[in-house]
1. What's the total number of residues in region 90-99 that are part of a strand (DSSP E or B) and under 19 Å from Q78 (Cα atoms)?
2. Return the only residue of G97, G81, G56 being more than 18 Å from the chain's Cα centre (by Cα) and on the phi > 0 side of the Ramachandran plot.
3. Working only within region 100-140, note down all residues that are outside any strand (DSSP E or B), under 18 Å from Q78 (Cβ atoms) and hydroxyl-bearing (S, T, Y).
4. Read through the list (1) touching a strand residue (DSSP E or B) at 6+ places or on another chain (Cβ under 9 Å); (2) in contact (Cβ under 8 Å) with a residue 24 or more places away in the chain, then give the number of the only condition that Q46 fails.
Amino acid sequence: LQSLAGALNVPITTFFSTFEEKRDCSFVKSGTGVVIERRGTKAGHQYSLLGHALGGNVVVEPYLITLSKDAVAYPAFQHEGTEFIYMLTGEVLYRHGDQSYHLAPGDALLFDSAAPHGPEKLLVKPMTYLSIITYAREPS
């Protein structure tokens, strides 16, 4: 089988593909993310859910977050898991625990989201950033 796979330039697992588990995929067309309200959401904060994990032991929640010109700071979010933020537009002083980080377009922040965190000072509004939250799935 190894020789045959090499001759065909395919991985050997190709021969067993009918036995593979089905893997999850979530596709969200531009502008069609589900707008949701997360606990603690303040005025001017819009969360667009860009997909979701359909199975497995880990929940992944990717959001496009938009803070409008009317948005107010809220540095007191707190939830289980790990969060990754990637700034797209605007600037923010983002608090995590007792540290503050000046985030501008292209900057990234990865942190334990069990610590108090959130936008402490909105420096350039409006702003958008990606927020990807992961945490263990509750057993059924």
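What follows is calculated from the coordinates using simple rules that are stated; it is not laboratory data. Because the structure is predicted, anything quoted here is derived from the model rather than measured. So basically every Cβ, Gly included, is an ideal-geometry build from the backbone, and we count neighbours across all protein chains shown.
1. Filtering region 90-99 down to residues part of a strand (DSSP E or B) leaves 90-96, 99.
In the following step, the residues that additionally are under 19 Å from Q78 (Cα atoms) were identified as 92-96, 99.
Adding up the residues that qualify gives 6.
2. Values: G81 fails: more than 18 Å from the chain's Cα centre (by Cα); G56 fails: more than 18 Å from the chain's Cα centre (by Cα).
Testing whether each residue is more than 18 Å from the chain's Cα centre (by Cα) and on the phi > 0 side of the Ramachandran plot leaves just G97.
3. Scanning region 100-140 gives a single hit, S113.
4. Evaluating Q46 over (1) touching a strand residue (DSSP E or B) at 6+ places or on another chain (Cβ under 9 Å); (2) in contact (Cβ under 8 Å) with a residue 24 or more places away in the chain leaves (2) as the failure.
Residue-by-condition table, conditions (1) within 22 Å of G33 (Cβ to Cβ); (2) out of contact with any Asp or Glu (no Cβ under 9 Å at 6 or more places or on another chain); (3) surrounded by fewer than 13 Cβ atoms within 10 Å (Cβ to Cβ); (4) of a type outside the set (S, T, Y):
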| residue | (1), (2), (3), (4) |
| --- | --- |
| A71 | yes, yes, no, yes |
| Y74 | yes, no, no, no |
| I85 | yes, no, no, yes |
| D98 | no, yes, yes, yes |
| P105 | yes, no, no, yes |
| A108 | yes, yes, yes, yes |
| P119 | yes, yes, no, yes |
| S140 | no, yes, yes, no |
